[in-house]
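Chemist: Pasting a structure below so you can have a look.
Any read-out appearing in this document is the output of simple, stated calculations on the displayed coordinates, not a laboratory observation. Please read these numbers as outputs of a predicted model, since none were measured by experiment. Cβ sites come from the backbone with ideal geometry, for glycine too, and all protein chains shown count toward neighbours.
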Amino acid sequence: MGIRAVDKSVHISISGIGYDPKFLASELAKTARASLAEVQSSGQAPKTYTKYINGRKGAQEESVVFPGPIIYQFEWLTEAVRYSLTYARARSPVRSGRYARAWFAMVNGIHVKDPTSIPPGAEVIITNDVPYARKVEVGAMKMSVPPGIVEDMRQAVQRRFGDTVIAKKTFIRLAGGYRLRKKNRRGETELTYPALVITAKI
């Protein structure tokens, strides 16, 4: 099932209830929380989001000053990264488990252990640093699964999150990556690793 970006506004009518600022603020907070729960439970929005109350980042809904606004900015990039890692590991050969365990995400060359720490607007790279990662991708070695894992992951991410993120396959160099000695022993070739680059769609 594909994910579509959510752009929803909720307004409260105040006719007939008088103008009690505290009451109206309370009703606005309850309505905002209920609307958030609704879009999350229906799968229209992820669990990760940034909250702005009257422009104050991370404030509680109950602190809103009527008429607000209360804004929830959903972080689809985080969900796409989680999905990508889960997909890649499930799609990997399982003979030893080494390849499946070697998948990781990084931002600006730094490994990211917690996807929720990824800043909005970041370029996230999903890759695998085992020396034979390229061979697995292009089908240059016998495996228990078909080749093209990164390409399949790219297609799966685009199907599911195509309205919110952009996913591109590439080959990258890694710091401390494996080097292949040439047959004539006159140098080395630095291997490149298949990778998926994910960015939020603006």
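Chemist: Taking other Cβ within 10 Å of each residue's Cβ, how do 132, 72 sort, fewest first?
Modeler: 132, 72
Chemist: Express the relative contact order of the range 77-200 as a whole percentage, based on alpha carbon pairs under 8 Å and six or more residues apart in sequence.
Modeler: Reported relative contact order: 29 percent.
Chemist: Report, in degrees rounded to the nearest 10, the 0 to 90 angle that the Cα long axis of helix 149-161 makes with the longest principal axis of the chain.
Modeler: Rounded to the nearest ten degrees, it is 10.
Chemist: Separate question: List the residues of the range 126-163 whose backbone N lies under 13 Å from a point placed 7 Å from the Cα of residue 96 along the Cα-to-Cβ direction.
Modeler: Of the residues in the range 126-163, 130-133 have backbone N under 13 Å from the label point off residue 96.
Chemist: Expected output is a single nm value to one decimal: the length gained when fully extending between residue 201 and residue 159, i.e. 0.36 nm times separation in residues minus the C-alpha distance. What is it?
Modeler: 13.7 nm
Chemist: Oh, and also: To the nearest 20 Debye, how big is the dipole of the chain about its Cα centre, given +1 on the beta carbon of each Lys and Arg and -1 on that of each Asp and Glu?
Modeler: It works out to roughly 1520 debye.
Chemist: For the chain, list log₁₀ I(q)/I(0) at each q in 0.17 Å⁻¹, using the Debye formula over Cα point scatterers of equal strength and ignoring solvent, two decimals each.
Modeler: Scattering profile of the chain, log10 relative to I(0): -1.10.
Chemist: Got a sec? How would 42, 26 order by Cβ neighbour count within 10 Å, fewest to most?
Modeler: Least to most surrounded, the residues fall as 42, 26.
Chemist: Same structure, new question: Can you tell me how the range 43-143 classifies by the Cα gyration tensor, rounded, prolate or oblate, using a/c under 1.5 as the rounded cut?
Modeler: Prolate, because a/c is 1.5 or more and a/b exceeds b/c.
Chemist: If you split all Cα-Cα distances of the range 47-99 into 5 Å bins from zero, what percentages do you get per bin, shortest first?
Modeler: Calculated P(r), rounded to whole percents: 4, 18, 16, 12, 10, 9, 8, 7, 6, 6, 3, 1.
Chemist: Counting other beta carbons within 10 Å of each residue's own, what order do 35, 96 fall into, fewest first?
Modeler: Ranking 35, 96 by Cβ neighbours within 10 Å, fewest first, gives 96, 35.
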